[in-house]
Amino acid sequence: MPISPSKLTLYPGGSIQSPEWLALRRQVEARAGGCCENCGVKNHALGGRTAAGEFVQALPLGDNGLRILWPRQGDEAWCRNGTEEPVVLKIIMIVCTTAHLDGKLVDHSLNNLRFWCQQCHLRHDAHLRKLEELERAGQLPLFAEAR
């Protein structure tokens, strides 16, 4: 998830590359077992998303005698999930990020951090992005939650 430069200083050590933040991120990822804590998709998995948003694993293209060949990101390739019929989908790589549940970037306690794929992170933050958009436009809702 892109982070505006003005918000980077809110992270431990003042950066998402600081040893303090990276240590927290590793703890959150370890707790999650390397999978999205919301939908369960594995970090760095290769596959596609169906129209319903479900992640489906990519099928290998074959092998060259030395290694298995996989489709590249952006290509269309066959994907299958379990026993379902294979479908052709645009290939993506899942990248899980560390999300703040409250969206405020100041509470870095482990109970406020989640390891989520981009789709789950975006869905969770949608209402926060909408509020920020309204604030920029000068149109706060009458009964807006205190942030």
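The values are calculated or read from the model by the stated rules, or taken from the named source; none is laboratory data. For clarity, every value in this text was computed on a predicted model and none was experimentally measured. Virtual Cβ from ideal backbone geometry, glycine too; neighbours counted across all protein chains shown.
Structure summary
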{"read-out": "Enumeration of residues in region 53-95 that are on the phi > 0 side of the Ramachandran plot and either under 18 Å from the mean Cα position of the chain (by Cα) or assigned by TED's automatic domain parsing to the domain that holds Arg123 (or both)", "value": "Gly53, Gly74"}
{"read-out": "Considering residues of region 43-52 that are closer than 14 Å to Cys79 by Cβ and in a loop (DSSP other than H, G, I, E, B) only, the residue nearest to the chain's Cα centre (by Cα)", "value": "Ala45"}
{"read-out": "Matching residues, region 40-68, being of a type outside the set (S, T, N, Q) and touching a residue at least 40 places away in the same chain (Cβ under 8 Å)", "value": "Val41, Lys42, His44, Ala45, Leu46, Gly47, Gly48, Arg49, Gly53, Phe55"}
{"read-out": "Failed criterion for Pro86 (all others in (1) buried (at least 16 other Cβ atoms within 10 Å of the Cβ); (2) of a type outside the set (A, V, I, L, M); (3) over 22 Å from Cys120 (Cβ atoms) hold)", "value": "(1)"}
{"read-out": "Extreme residue, farthest from the chain's Cα centre (by Cα), among residues of region 109-135 that are under 14 Å from Arg31 (Cβ atoms) and either surrounded by 14 or more Cβ atoms within 10 Å (Cβ to Cβ) or of a type in the set (Ser, Thr, Tyr) (or both)", "value": "Ser109"}
{"read-out": "Scope region 104-122; condition outside any helix (DSSP H, G or I), in contact (Cβ under 8 Å) with a residue 40 or more places away in the chain and either over 24 Å from Pro71 (Cβ atoms) or of a type in the set (D, E, K, R) (or both); matching residues", "value": "Lys104, Leu105, Val106, His108, Leu113, Arg114, Phe115, Trp116"}
{"read-out": "Residues of region 96-109 that turn out to be among the aliphatic types (A, V, I, L, M), at negative phi and touching a Lys or Arg at 6+ places or on another chain (Cβ under 7 Å), as a count", "value": "2"}
{"read-out": "Residue within region 2-24 that is in contact (Cβ under 8 Å) with a residue 12 or more places away in the chain, in a strand (DSSP E or B) and in the same structural domain as Arg123 (by TED's automatic domain parsing) present", "value": "no"}
{"read-out": "Among (1) modelled with pLDDT of 90 or more; (2) under 30 Å from Arg26 (Cα atoms); (3) touching a strand residue (DSSP E or B) at 6+ places or on another chain (Cβ under 9 Å), the one test that Glu76 misses", "value": "(2)"}
{"read-out": "Yes/no for Glu37 being touching a residue at least 40 places away in the same chain (Cβ under 8 Å), crowded, with 16+ Cβ neighbours inside 10 Å and either assigned to a loop (DSSP other than H, G, I, E, B) or over 18 Å from the mean Cα position of the chain (by Cα) (or both)", "value": "yes"}
